1. Hey, could you check the stretch 230-246 for residues that are of a type outside the set (A, V, I, L, M, F, W, C) and open to solvent by 60 Å² or more (accessible area, probe 1.4 Å) and say which is nearest to the chain's Cα centre (by Cα)?
2. Within the set of pairs 6+ apart or on separate chains, which have a first residue in the stretch 404-419 that is touching a residue at least 40 places away in the same chain (Cβ under 8 Å), a second that is open to solvent by 20 Å² or more (accessible area, probe 1.4 Å) and among the aromatic types (Phe, Trp, Tyr), and C-beta atoms under 6 Å apart?
3. Look at the stretch 633-646 and say how many of its residues are open to solvent by less than 10 Å² (accessible area, probe 1.4 Å) and at pLDDT 90 or above.
4. Residue by residue through the stretch 647-696, note down the ones that are of a type in the set (Lys, Arg) and either modelled with pLDDT of 90 or more or over 20 Å from the mean Cα position of the chain (by Cα) (or both).
5. Hey, any hits in the stretch 362-382 for a residue that's touching a His at 6+ places or on another chain (Cβ under 6 Å), under 21 Å from residue 450 (Cα atoms) and among the polar types (S, T, N, Q)?
6. Taking interchain pairs and intrachain pairs at least six residues apart, which have beta carbon atoms under 6 angstrom, with the first residue in the stretch 75-94 and closer than 21 Å to residue 45 by Cβ and of a type in the set (Ser, Thr, Tyr) and the second open to solvent by 20 Å² or more (accessible area, probe 1.4 Å) and outside any loop (DSSP other than H, G, I, E, B)?
7. In contact with a Leu (Cβ under 7 Å, 6 or more places away or on another chain), over 12 Å from residue 376 (Cα atoms) and open to solvent by less than 20 Å² (accessible area, probe 1.4 Å): is that true of residue 463 in this structure?
8. Sort out which residues of the stretch 546-581 are open to solvent by less than 40 Å² (accessible area, probe 1.4 Å), polar (S, T, N, Q) and more than 19 Å from the chain's Cα centre (by Cα), and write them in order of number.
Amino acid sequence: MASPSSVSLTGVLERIIFFNEENHYTIAELCPETAKSAEDRVTVVGALPGVQCGETLQLTGEWTRHAQHGAQFKIVTHKSELPASVYGIRKYLGSGLVPGIGKVYANKIVDTFGTDTFRVLSEESGKLRRVPGIGKVRATAIKTAWEEQKTLREVHIFLQTYGVTTSQCVKLVNKYGPEAKQVIVNEPYRVAREIDGIGFKTADRIAINLGYANDAPPRLDAGLIYALETLQEEGHTAYPEMELRDYTAQLLETNSELVTARIAALLQEKSIVRQDNGFLQLLQNDRAEKKIADVVRRLSSVPSGLPAIKIESALIWAQGKAGFEFHALQRAALSHALSHKFSILTGGPGTGKTTILRALVEILKAKKVRLHLAAPTGRAAQRLAETTGGFASTIHRLLKIENGSFTVNESHPLATDFLIVDEASMLDSRLAAALLQTVPVRAHLVLVGDTDQLPSVGAGNVLKDLIATERVPVTRLSVVYRQKEQSHIVTVAHAINGGESSPPPVVREVAQAQAWSDLNFIAAASPEDCLAKIIELCTKFIPQHYEWFHPINDVQVLAPMHKGVAGVANLNTQLQAALNPSRQSLKTVSGEYRPGDKLIQLRNNYDKDLFNGDIGEVLAIDGVKGMLTARFDGVKHTFERGEFGDLALAYAISIHKSQGSEYPVVIVPLLKAHFVMLQRNLIYTAITRGRKKVFIVGDPAAYGMAVRNAESKLRCTHLREKILMAASPAK
């Protein structure tokens, strides 16, 4: 809102000097309506979404003075209107806004129609053929482009007060065409369902301002779907009906009886599904779980396509290659994998999962079996390949994505006889469904994972649900072998799982840490002390004691929370300043980037073949063009301003983001301030990400709090019930 002291300024937008796609921050030149010459142009700064040169802007704001650039008008609010003068129209059309009209044709059109140009474009576009060089085809193209731009403009002006971005407006116009504004006015909640990036909250804000009642059926319906989607973000694929009713009523501040009526309506419309146990589900979650259950049933009902393998002989041969005798549990795991179409191998660090996988791969290679290895993340796939000697890929790359869809699917399955999937605890319901349905009916499937780690980031509890059915053979490795190598990481990890809340030996200062030990606990008296000691570890202790470790590439800070002094965001800012104090930087809405910075990809980008959690490095920046070049897994990628929301610094990342990865050195801040997140599986996951060295920096009492809190939040799913209904015992 403009303040009482705001002043007004009206004029023609002459030149856009700078425009930020993400927040619409603009630096531009305006020719005020009172100007007597070109020298009277003024600089305006602020958010100007969707404006073009030639438009008349009505601004409110205040005059400020920049130390270097002089007087500037700081924009608080703005209104825009199409230019009315011949000069403004010429400037507007010549800006390249309308495809098919550049400066040359803009001049020709305006020379022909003058101030009547916009009316001709809207109402009598056939007259365009009077303009030299414009034939029927070009006239039609210009008319189409003009109408699209006109619609986009109307939608943008209508929605700019609701925080809807230009890119979202483009999506709306692409989806609904000339009817876009009408759809928004008449069916705002439909927009939330159908347009990616416009959620319930934005649609609800629009609807309430348009006069929709708090208990209007469209609002209640959209609110129910939104409630299920919110619960899905917490990991649930299903939810008890009565609890969903109360949750939605509280969310929408409405009556629960009204919500009950709309649940019945959504069920009638088949917009949601009710299960026999009274759980409600979104259609996509119901479908995903049905697909997984069908794979379990299918694999158990069709004979194996593997060549004849004498399992006992194969075990003896594999032991000979390994140079030692396998434990009974390890032999059972191998036997299950070879004799059953579907089996699960689970166990903590140091229990021999890698030994079994290496032996299994060698047996299958010797039998010339077509074998595929996969894992959810690039680092996990790389580790799987290194430890087994086979080729491994990420699940997304295995399933081959084109235009946002997997090309390897149920209709076009994998050409394989045997699929091994590592880090299966990371599989959410939808990814598991997409992967499992590609397994050929006569092939074998082995899922490998640690059920004590954090559950998948996406909704579902696939690995635990599969184990709970008792329909799939499961081998739980429990004997720890790496203890013989004096691995404190392994012994502490198993002590955590055993509920041992006493921390490992604690030292007070970084300099007192034992460089030879693979796990150290350094006490920190406060969040500020914790931050200082993490920086000291990265800048002094680690470079001094481990010359072969790169302090940026090989050291990963894993924090429980994003906010706070010892949270991900502040740790990244401080570690960047300490480890990469380059003067050359690119400032964006999502952060400041410098060559040499460590990056993380936050969302799946199928066009770039980059996926959530991928770690890369900034190679170069271009401050003028607003571009960044980074390398991920040896491949260079270029990012423009509109894409920076998918990136973040990765000197520190959340423990959840670290799932499926291992790092040479891991540093874990652990404070009472993190109490909301302190759970046994969280600290267990963090510690087991360290391959060679782990440093816990924080409060020993916080460690005890985490270990004692074994009640990780229960996830509501319906997968187990579906499998029990559909599957017969695996063979």
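The values are calculated or read from the model by the stated rules, or taken from the named source; none is laboratory data. Bear in mind that the values here come from a model prediction, so they are computed numbers and not experimental data. As a convention, Cβ positions derive from the backbone with ideal geometry for all residues, glycine included, and neighbour counts pool all protein chains shown. Only protein heavy atoms, including side chains, enter the accessible area calculation; ligands, DNA and RNA are left aside. Shrake-Rupley method; radii C 1.70, N 1.55, O 1.52, S 1.80 Å.
1. Quick first cut of the stretch 230-246, residues of a type outside the set (A, V, I, L, M, F, W, C) only: 230, 232-237, 239-241, 243, 245-246.
Within this subset, residues satisfying the condition of being open to solvent by 60 Å² or more (accessible area, probe 1.4 Å) are 233-234, 243, 246.
Numbers: 233: 12, 234: 14, 243: 28, 246: 29 Å.
Only one residue tops the list, namely 233.
2. 404/606
3. Taking the stretch 633-646 as the starting set, the residues that turn out to be open to solvent by less than 10 Å² (accessible area, probe 1.4 Å) are 639, 644.
In the following step, the residues that additionally are at pLDDT 90 or above were identified as none.
Number satisfying all stated conditions: 0.
4. Residues of the stretch 647-696 that are of a type in the set (Lys, Arg), as a first pass: 657, 672, 680, 689, 691-693.
If the condition is that a residue be of a type in the set (Lys, Arg) and either modelled with pLDDT of 90 or more or over 20 Å from the mean Cα position of the chain (by Cα) (or both), then 672, 680, 689, 691, 692, 693 are the ones that fit.
5. Of the residues in the stretch 362-382, the ones touching a His at 6+ places or on another chain (Cβ under 6 Å) are none.
For the stretch 362-382, residues touching a His at 6+ places or on another chain (Cβ under 6 Å), under 21 Å from residue 450 (Cα atoms) and among the polar types (S, T, N, Q): absent.
6. 77/60
7. Details: in contact with a Leu (Cβ under 7 Å, 6 or more places away or on another chain): yes; over 12 Å from residue 376 (Cα atoms): yes; open to solvent by less than 20 Å² (accessible area, probe 1.4 Å): yes.
Against the criterion (in contact with a Leu (Cβ under 7 Å, 6 or more places away or on another chain), over 12 Å from residue 376 (Cα atoms) and open to solvent by less than 20 Å² (accessible area, probe 1.4 Å)), residue 463 qualifies.
8. 556, 576, 580
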